[in-house]
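The values are calculated or read from the model by the stated rules, or taken from the named source; none is laboratory data. Here the structure is a predicted model, which means the values were calculated and not measured. Cβ placement follows ideal geometry from the backbone for every residue including glycine, while neighbour counts extend to all protein chains displayed. Note: accessible area is taken over every heavy atom of the protein model, side chains too, but ligands, DNA and RNA are not part of it. Shrake-Rupley method; radii C 1.70, N 1.55, O 1.52, S 1.80 Å.
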Amino acid sequence: MKDIALRGRAYPTDLNPSGTVFGGWIMAKMDKAASIAVDEIVVADTVTVSVTDLHFLKPIRNGDIVTIYTEIIGIGRSSIKIDVNVMVRCKQSHDEYSVTDAIFTFVTLDEEGKSIDVRDVIRDDIDEEIRAIL
Ligand SMILES: CC(C)(COP(=O)(O)OP(=O)(O)OC[C@H]1O[C@@H](n2cnc3c(N)ncnc32)[C@H](O)[C@@H]1OP(=O)(O)O)[C@@H](O)C(=O)NCCC(=O)NCCS
C-alpha cells in the first residue's frame with residue numbers, strides 16, 4: 001500500500017548552480033519519508049542501514065511541488081525495506097511524474113543500539129497488507 005509520507009516545495013536555496021535541486025536535498029527528504037513509514041508500523045528506535053537502487057530520473061526545479069510516496073515492500077528479522085518514490089506535479093496538467101526513487105532499508109534497534117526482531121515491536125493497528133508480509 002502506497003502512502004504519502006511528505007510533501008513540500010523546492011525553493012531557490014535548494015538549487016545547485018545549474019538551477020535544479022541538489023541530490024542531497026531530496027535524499028534527506030526521502031530518508032525522512034522512509035522513517036515516517038517505518039514509524040507507522042513499529043514502536044522502536046530505527047536507523048537507515050542501506051540505500052540502494054537510487055535513481056535520479058528527472059530534475060526537480062525551483063517551485064516544483066514534490067510528493068514522496070512510500071511503500072513497505074519487505075520485512076526481515078530486524079530489517080524493513082521501503083520503496084520511496086518522489087513525484088513532481090506538472091504545473092499545467094497537475095499530472096504527477098516520477099523524479100527520483102530508491103529502496104531504503106531500516107533496522108529496528110533496542111536501547112543499546114542492537115538489532116531486534118521487528119515482530120517484537122510491531123504496532124497492533126498495522127494494516128492487513130503489512131501483516132501479510134510479516
Ligand atoms: C544498523 C546496525 C545496528 C546493524 O548492525 P549489524 O551488526 O549489521 O546487525 P545485524 O547483523 O543484526 O543486522 C541487522 C539487519 O540489518 C541488515 N543489514 C546489515 N547491513 C546491511 C546492509 N549493508 N544492507 C542491507 N541490510 C543490511 C541485516 O541483513 C539484518 O537484517 P535482518 O535482521 O532482517 O536479517 C549497524 O550497522 C549500525 O548501527 N549502523 C549505523 C546506522 C546509522 O547510523 N544510520 C544512519 C546513517 S546516516
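So MET1 passes all but one of these: (1) away from the ligand (no atom under 15 Å from the Cβ); (2) surrounded by 15 or more Cβ atoms within 10 Å (Cβ to Cβ); (3) closer than 16 Å to ILE126 by Cβ; (4) of a type in the set (A, V, I, L, M). Which condition number does it fail?
(2)
Could you list, in sequence order, the residues of the stretch 12-34 that are within 20 Å of ASP127 (Cβ to Cβ) and either in a loop (DSSP other than H, G, I, E, B) or open to solvent by 40 Å² or more (accessible area, probe 1.4 Å) (or both)? Can you show your working first?
Initially, the stretch 12-34 is screened for residues within 20 Å of ASP127 (Cβ to Cβ), giving 33-34.
Correct list: empty.
Identify, please: which residue in the stretch 35-82 is open to solvent by less than 20 Å² (accessible area, probe 1.4 Å) and farther than 19 Å from VAL118 by Cβ and is, among those, nearest to the ligand (Cβ to nearest atom)?
ILE68
Taking the stretch 61-109 only, how many residues are more than 18 Å from LYS32 (Cα to Cα) and not small (Gly, Ala, Ser)?
Total satisfying the criteria: 13.
Can you tell me how many residues in the stretch 91-113 are within 16 Å of the ligand (Cβ to nearest atom) and either open to solvent by 40 Å² or more (accessible area, probe 1.4 Å) or touching an Asp or Glu at 6+ places or on another chain (Cβ under 7 Å) (or both)?
Applying the first criterion (within 16 Å of the ligand (Cβ to nearest atom)) to the stretch 91-113 yields 102-113.
From what is left, the residues that are either open to solvent by 40 Å² or more (accessible area, probe 1.4 Å) or touching an Asp or Glu at 6+ places or on another chain (Cβ under 7 Å) (or both) are 102-104, 109-113.
Looking only at that region, the number is 8.
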